[in-house]
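Note sheet for the following structure.
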């Protein structure tokens, strides 16, 4: 495997980051995960815009201009023989504060560390889309937005990891995190939508969640299908009453949820609106 490290491509064995890197020591960094459909990088501009926004929020200057990223990402795919007609690519960009003396002062680090990984995209098994997945509501709460903004896609992922541990222990596909007011936010790596009485609902960004790019696309697409969508503050009890539910993120697109806390969602099968949206998403994703 070839890894882009700082300013050049190196082999996996040569891709070494200092033990004094503040990304390792303190989780001080940002990242993005992107996918391709064949050689076409999906929503590249939006992902890069969010990466640079996240970096700006923590006072981190990304040393590579936006205009150079497309060439880097495509070379990463070519070198690793992904992003082809036979194999979609998974791309991860990580930018950390860089190596420096031990301490919290960002000025201790002279330059950021930049890493790009390109590997084969592994999508969820087809039977999960056919049957739907089970999720639980985690006891772990989402970080307070006033403490760590969810709009920063940070490498400090311990909040999500704790919730994921709960899902694994419960034999669930994933966990939904509540915020400080017991309102729904998001899953560990995806946004959540649910349907009640024909209206599609999803937690408002003000509840403390990341503005997922697939979330944004779904909200745009439902308008094309004349489906009413609301962003708001919702409770677990409202989710329990849902007729349908699904998750969204870049790699899995739209994943039906058929059980929440071991309670069936609707009739316990992927719902008609979910299936309609997934079909429409697949049909039109080439334009994004």
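The values are calculated or read from the model by the stated rules, or taken from the named source; none is laboratory data. Quick caveat, the model's predicted, so the values are computed rather than measured. All Cβ positions, even for glycine, are placed from backbone atoms using ideal geometry, and neighbour counts span all protein chains on display.
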Notebook entry, point to check: If you check residue 103 against the conditions, is it surrounded by 19 or more Cβ atoms within 10 Å (Cβ to Cβ) and either free of Cβ contacts under 8 Å to residues at least 24 places away in the same chain or not assigned by TED's automatic domain parsing to the domain that holds residue 43 (or both)?
Noted result: no
Next item on the list: Please verify whether segment 141-151 includes one or more residues that are closer than 23 Å to residue 263 by Cα and in contact with a strand residue (DSSP E or B) (Cβ under 7 Å, 6 or more places away or on another chain).
Entry: yes
Note to self: Can you list residue pairs whose Cβ atoms sit under 9 Å apart, with the first residue in segment 5-21 being free of Cβ contacts under 8 Å to residues at least 12 places away in the same chain and not assigned by TED's automatic domain parsing to the domain that holds residue 73 and the second being assigned to a loop (DSSP other than H, G, I, E, B) and surrounded by 13 or more Cβ atoms within 10 Å (Cβ to Cβ)? Count only pairs 6 or more apart in sequence or on different chains.
What the structure shows: none
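Against the condition over 16 Å from residue 23 (Cα atoms), touching a strand residue (DSSP E or B) at 6+ places or on another chain (Cβ under 8 Å) and surrounded by fewer than 16 Cβ atoms within 10 Å (Cβ to Cβ), how does residue 133 come out, does it pass?
In short, no.
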